[in-house]
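Here's the structure, in structure tokens; my notes come after.
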Amino acid sequence: MENLPRFTAAAVQAAPVYLDPGATVDKAVALLAEAAANGASLVVFPEVFVAGYPYWNWTMNPVQGSPWFERLYRASVDLPGPHVDALRAAARQYGVVLVIGVNERGPHSLGVLHNTLLTIGPDGELLGVHRKLVPTWAEKLTWTGGDGSSLKVHSTPVGPLGALACGENTNTLARFALLAQGELVHASCYISLPVAPADYDMADAIAVRTAAHSFEGKVFSVVSCSTVSPEIVDALAGEDEELRAQFTRPRSALSGIFGPDGRPVTEPLIDDEGIVYAEIDLGRCIQPKQMHDIVGHYNRFDVFQLHVDNRPRTPVTFATDPAHATPPAPAPFTAPPLTADSTGGTKEEA
């Protein structure tokens, strides 16, 4: 801990190629290459970047939106699967830590989709698969909630790294669970939300939440938000001028990097596509901790206790399981390591 990491972080603000996972992964790889060429060691992408957010839950009734759910399901990714393999290969090729949101199909049911954040190391190892604990508001029509098994901080070359999706960053206990594991770098992944109530400023909401976590935990936060492309507007609004105006509403996205004092390290990006870069020196987290260390001296663990059930949950437990009295769920998915083949591409080790 004497030499805490210093590195360049990149927060990507971009739109997916809507409901096209292959093309979206290609776009992500190109943006990853751009960020790496500019010196980034950590690159954070938006929530469900592969391959899009179910905006129809906000603009249609459930019957109208049901065919769109099927389209999203067919455009989602599997773990393991080729789209995730491509992202792992890119992280290894460019030597960066990658956090990216995907729509993940459940392996046991056609009705299960997860809002999932992948954390991938610079060697291509899949470090974390975090499934959003509680879908927010209208999202409950699409996503199944995750469990506590993925509420983890990962050891990476850029420091202890945790990640939460969008509204989870308002969940004080989820944030504390990460801080209490030694988190120093926090990835916050959001979607642009022009369909929110008229008095809701998404850019401000993101900034407030990010500043709060950074200041309370004395950590750096890298926040990445998607944008709404003209193609998304055309697909979901069509000729409805009122909906088109809603989808193009300003101040619906903000991406940036915040320091342990709660302030932006550099000017955040609002609405437009682009990449925000900033230098992070984790040594800056030390002195602020002397004043308020909510996972250390500035807490009363004899008064307050947080219990986290981090057991993976499965839909069924069979009595033939020798340990069925206290049913353990299967271990979290661990992808096999990638190796270079003779053509310079990648393949899974046997």
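Within the chain, the selection of entire DSSP H helices by a Cα span of 20 Å or greater along the long axis and an average Kyte-Doolittle value of at least 0.5 returns 21-37. Charged side chains reduced to their Cβ positions (Lys and Arg at +1, Asp and Glu at -1) give region 80-229 a dipole of some 220 debye around its Cα centre. Here, P(r) means the percent of Cα pairs in each 10 Å bin from 0 to the largest distance; for region 245-289 it is 25, 40, 23, 10, 3.
Skip the ligands, DNA and RNA, and give the accessible area per residue of region 1-113 with a 1.4 Å probe, whole Å².
Working: 4370 Å² over 113 residues.
Normalised by residue count, the accessible surface of region 1-113 is 39 Å².
Around the amide H of G128, modelled in the peptide plane, lie the amide H atoms of T119, all under 5 Å away and 5 or more residues distant in sequence or on another chain.
Beta bridges assigned by DSSP with both partners in the chain are antiparallel in approximately 60 percent of cases.
About its Cα centre, what dipole magnitude does the chain give when the only charges are +1 on Lys and Arg Cβ and -1 on Asp and Glu Cβ, stated in debye to the nearest 20?
With only Lys, Arg, Asp and Glu charged at Cβ, the dipole is about 780 debye.
Can you give the Kirkwood hydrodynamic radius for the chain, in Å, rounded to one decimal and based on Cα pairs? Let's see the in-between values first.
Values: mean 1/r = 0.0483 Å⁻¹.
Result for the chain stands at 20.7 Å.
A DSSP coil position with no more than 16 other Cβ atoms inside 10 Å describes the following chymotrypsin sites (Phe, Trp or Tyr not before Pro) in region 195-270: Y200.
With all protein chains in place and ligands, DNA and RNA left out, the 1.4 Å accessible area ranks I294, I206, I286 as I286, I294, I206, largest first. Helices in the chain, meaning DSSP H runs of at least 4 residues, each add -39500 (n - 2.57). Divided by all residues, the mean residue ellipticity at 222 nm is -8000 deg cm²/dmol. In a fully extended conformation the segment linking Q287 and D309 would gain 4.7 nm over its present Cα-Cα distance, using 0.36 nm per residue. Shown for the chain: lysine pairs separated by 8 or more places, or found on different chains, whose C-alpha atoms are under 20 Å apart, numbering 4. FRET efficiency for the pair D321 and D240, taken as 1/(1 + (r/R0)^6) with r the Cβ-Cβ distance and R0 = 51 Å, rounds to 0.45. The residues packed around E139, meaning those with a beta-carbon under 12 Å from its beta-carbon, carry a net charge of 0 if Lys and Arg are +1 and Asp and Glu are -1.
Solvent-accessible surface of protein heavy atoms, probed at 1.4 angstrom with all chains present, puts W68, W58 in the order W58, W68, largest first.
Is the shape of region 61-188 best called rounded, prolate or oblate, per the rule: a/c under 1.5 gives rounded, else a/b larger than b/c gives prolate, else oblate, with a ≥ b ≥ c the square roots of the Cα gyration tensor eigenvalues? In terms of gyration-tensor shape, oblate. Computed over region 1-128, the alpha-carbon pair-distance distribution with 5 angstrom bins reads 2, 11, 20, 22, 17, 11, 8, 5, 3, 1, 0, 0, each value a whole percent.
Normalised by 2.2 N^0.38 Å, where N counts its residues, the alpha-carbon radius of gyration of region 93-139 equals 1.35.
Taking a 1.4 Å probe, which of K27, K218, K152 shows the most accessible area, and what order do the others take after it?
Working: K27 55, K218 5, K152 90 Å².
The ordering from most to least exposed comes out as K152, K27, K218.
Each listed q (0.23 Å⁻¹) maps to a log10 I(q)/I(0) for region 123-191, found by the Debye formula over equal Cα scatterers with no solvent: -1.04.
Of the GluC sites (Glu not before Pro) found in region 1-61, the ones in coil according to DSSP and having at most 10 other Cβ atoms within 10 Å of their Cβ are E2. Both the radius of gyration and Dmax for region 144-238 are 15.2, 47 Å, in that order, over alpha-carbon atoms.
When a/c reaches 1.5 or more, the comparison of a/b and b/c decides; with that in mind, is region 202-296 rounded, prolate or oblate per its Cα gyration tensor? Prolate.
The values are calculated or read from the model by the stated rules, or taken from the named source; none is laboratory data. Every value quoted in this text rests on a predicted model; they were computed, and no experiment measured them. Heads up, the Cβs are rebuilt from the backbone with ideal geometry, glycines too, and the neighbour counts pull from every protein chain shown. The protein model used for the area step is the full one, side chains on, heavy atoms only, and it has no ligands, DNA or RNA in it. Shrake-Rupley method; radii C 1.70, N 1.55, O 1.52, S 1.80 Å.
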